[in-house]
Amino acid sequence: MVVARRMTRNPVTISPKASIQEAIQLMKRHAIRHLPVVDQEKRLVGWISDSDLRGVIILDDRRSHRGRCHDRRSHHRHTR
């Protein structure tokens, strides 16, 4: 068996500039625990998981840049 037979073909993704709240909502809506974080060209730049989000305090984006997906995403990079 090859990976292509088991992989998710069109995964739900999120932008690095998305809020933590958006990530949580996407995970709940799609009943998933991990989100690939992709740039504008749809290149993988990282992952964010439900465990990355545990204990995160959602702050008003007007007062702080904390609470963005690029601040909390896992630092696993996609390599070719």
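Rule-based calculations on the coordinates, nothing more; no lab input. None of these values were measured; they are calculated from a predicted model. Virtual Cβ from ideal backbone geometry, glycine too; neighbours counted across all protein chains shown.
Can you order the peptides 47-53, 37-43, 2-8 by their average number of other Cβ atoms within 10 Å per residue, highest first?
Result, highest mean Cβ count within 10 Å first: 47-53, 37-43, 2-8.
Kirkwood Rh, the range 8-60, all Cα pairs: how many Å?
Evaluated over the range 8-60, this radius sits at 11.5 Å.
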